[in-house]
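First up is the structure itself, then whatever we jot down about it.
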Amino acid sequence: MIITAISGASGSILGIRLIEELLLSGEKITGIVSDSSWQIIGHELSWKKEGPEPLKTFLKKRGMVSSLENFQEYANNDFFSPAASGSSSFDAVVVIPCSMKTLSAISHGYADNLITRTCDVALKEGRRCIVVPRETPLSVIHLENMLKAAKSGVQIVPPSPGFYTLPESVEDIVNFIVGKVLHLLGKKHHLFKAWGEIKV
Ligand SMILES: Cc1cc2nc3c(=O)[nH]c(=O)nc-3n(C[C@H](O)[C@H](O)[C@H](O)COP(=O)(O)O)c2cc1C
């Protein structure tokens with residue numbers, strides 16, 4: 001089971017696409033979206049938060065995944081979610097995209113919401129924690145927080161496209177970054193061609 005968290009950085013489509021790809025691969029997913037991210041989803045993806053399970057409602061509306069049976073959603077203030085405890089058995093947490101605020105909280109163990117608590121749990125339990133930090137340019141504070149997180153075992157995957165794949169659309173760029181995360185999670189995918197498969 002993989003926890004996929006979407007925090008309030010630009011690029012919420014990355015988190016949405018990762019959830020869709022993981023569900024398509026048959027993985028069980030818990031989704032968490034921060035309040036700020038809902039604002040960004042409104043702006044970048046023209047979708048207004050609605051209903052008691054707003055992420056599920058959005059995934060249904062997008063229609064990329066036929067069954068949401070393997071999908072569960074928790075509010076970011078719900079510490080009664082299994083993910084909030086080390087006694088639960090999730091395999092990995094991915095924060096995609098990850099805001100600088102959430103990065104700061106993860107690197108300092110400041111677990112004041114379910115996203116940061118889940119990362120805290122993953123690190124203390126020795127489970128995989130991947131973050132996709134989005135900001136530019138990066139300040140010394142951002143860089144130090146990334147280093148601190150990396151030293152604690154967090155895998156940092158900046159949303160930087162590989163232009164060697166010759167992307168033709170935003171979708172290609174999104175697929176590249178989501179593919180990189182899937183690769184780290186050990187999932188096969190066809191979102192981009194590996195270097196050896198590209199005709200040069
Ligand atoms: C449209 C929009 C885009 C934003 N993009 C970023 C971003 O790329 N990186 C970032 O660190 N913060 C960004 N922010 C600011 C964060 O949303 C803000 O710091 C928030 O407190 C993060 O909270 P969260 O990490 O709990 O979601 C953005 C805010 C808005 C409204």
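Here, each number is a calculation from the coordinates, and none is a lab measurement. On a predicted model such as this, the values are computed, not experimentally measured, just so you know. Positions of Cβ are generated from backbone atoms using ideal geometry, with glycine treated the same way; all protein chains shown enter the neighbour counts.
Here are the numbers:
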{"read-out": "Estimated FRET transfer efficiency when R0 is 35 angstrom, pair residue 195-residue 169 (beta carbons, to 0.05)", "value": "0.95"}
{"read-out": "Segment 2-161, dipole about Cα centre (Lys/Arg Cβ +1, Asp/Glu Cβ -1), debye to the nearest 20", "value": "140 debye"}
{"read-out": "Ascending count of other beta-carbon atoms within 10 Å, so fewest first, for 119, 98, 129", "value": "129, 119, 98"}
{"read-out": "Potential lengthening between residue 60 and residue 138 on full extension [0.36 nm per residue; Cα-Cα distance subtracted]", "value": "24.5 nm"}
{"read-out": "Cα-based shape type of the chain, given that a ≥ b ≥ c are square roots of the gyration tensor eigenvalues and the cut on a/c is 1.5", "value": "rounded"}
{"read-out": "Coil-residue chymotrypsin sites (Phe, Trp or Tyr not before Pro) of segment 150-200, DSSP, other Cβ within 10 Å capped at 14", "value": "none"}
{"read-out": "Set of lysines near residue 199 by C-alpha distance (under 22 Å), chain-local residues within fewer than 8 positions excluded", "value": "180, 188"}
{"read-out": "Per-pair calculated FRET efficiency, R0 = 22 Å: residue 155 and residue 188 via Cβ, rounded to 0.05", "value": "0.75"}
{"read-out": "Size of segment 122-200 as Cα extents on the principal axes (Å, biggest first)", "value": "41, 30, 20"}
{"read-out": "Helical segments meeting 20 Å axial Cα length and Kyte-Doolittle 0.5 threshold in the chain (DSSP H)", "value": "170-184"}
{"read-out": "GluC sites (Glu not before Pro) lying in DSSP loop within segment 96-197, provided at most 11 other Cβ fall within 10 Å", "value": "168"}
{"read-out": "Tensor-based shape of segment 32-150 (alpha-carbon gyration tensor, a/c under 1.5 rounded, otherwise prolate or oblate)", "value": "oblate"}
